[in-house]
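First the structure, in the form of structure tokens, and then the observations on it.
The values are calculated or read from the model by the stated rules, or taken from the named source; none is laboratory data. Bear in mind the structure is a predicted one, so any value in this text is a computation, not a measurement. Cβ atoms come from the backbone with ideal geometry, glycine included; neighbour counts cover every protein chain shown.
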Amino acid sequence: MNKQRKLFRVKGWFAMNKSKTKYTKEYCYIVHKDVDHYVDNRPTDRAPKVEYTDDVETARRFFEEDFEILQIDWSKHDKIICESTHIRIHRSERVELNE
């Protein structure tokens, strides 16, 4: 492997390309109004039973399209709106190699 590394020598460096992209995702948690229990499933007409968890890490994240089929009693529940932001940085540089 060392022999292969010696075959390639860097002749020159070029400018580094860098690009940043910001991703924002909005989601919701549904919490019971009386106790701090989060909804853990997506209740619908076919499966109306609501399941709860007391750990926000394991609670279900609801996205905008989930509310189209969601069947839940809003007099007993509140919605917590969250926003997640990730910045993705991509760096690359081009080098010329001699064999």
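Taking residues in the stretch 38-51 that are farther than 11 Å from I72 by Cβ and modelled with pLDDT under 90, and partners anywhere that are in a loop (DSSP other than H, G, I, E, B) and of a type outside the set (S, T, N, Q), the pairs with Cβ atoms closer than 9 Å and at least 6 places apart or on different chains are D45/I69.
Output the number of residues of the stretch 75-99 satisfying the condition of being outside any strand (DSSP E or B) and surrounded by 10 or more Cβ atoms within 10 Å (Cβ to Cβ). Even if it seems obvious, please write down each step before you answer.
Step one: filter the stretch 75-99 for residues outside any strand (DSSP E or B), giving 75-76, 99.
Narrowing the set further to residues that are surrounded by 10 or more Cβ atoms within 10 Å (Cβ to Cβ) leaves 76.
Of the residues in the stretch 75-99, 1 are outside any strand (DSSP E or B) and surrounded by 10 or more Cβ atoms within 10 Å (Cβ to Cβ).
Within the span defined as the stretch 52-72, one or more residues are farther than 30 Å from I89 by Cβ, modelled with pLDDT under 95, among the aromatic types (F, W, Y) and out of contact with any Phe, Trp or Tyr (no Cβ under 7 Å at 6 or more places or on another chain).
Kindly indicate whether any position in the stretch 33-48 is in contact with a strand residue (DSSP E or B) (Cβ under 7 Å, 6 or more places away or on another chain) and closer than 24 Å to I87 by Cβ. Before the answer, list the steps.
Filtering the stretch 33-48 for residues in contact with a strand residue (DSSP E or B) (Cβ under 7 Å, 6 or more places away or on another chain) gives 33, 37-40.
From the residues that got through so far, the ones that are closer than 24 Å to I87 by Cβ too are none.
No; the residues of the stretch 33-48 include none that is in contact with a strand residue (DSSP E or B) (Cβ under 7 Å, 6 or more places away or on another chain) and closer than 24 Å to I87 by Cβ.
Name the residue that is surrounded by the most Cβ atoms within 10 Å (Cβ to Cβ), counting only residues in the stretch 26-67 that are assigned to a loop (DSSP other than H, G, I, E, B), within 21 Å of the chain's Cα centre (by Cα) and not basic (K, R). Of everything passing the filter in the stretch 26-67, A59 is surrounded by the most Cβ atoms within 10 Å (Cβ to Cβ).
Which of the residues belonging to the stretch 22-32 are under 16 Å from I80 (Cβ atoms) and among the polar types (S, T, N, Q)? I'd like the intermediate steps shown before the answer.
Of all residues in the stretch 22-32, those under 16 Å from I80 (Cβ atoms) come to 25-32.
Residues satisfying the conditions do not exist here.
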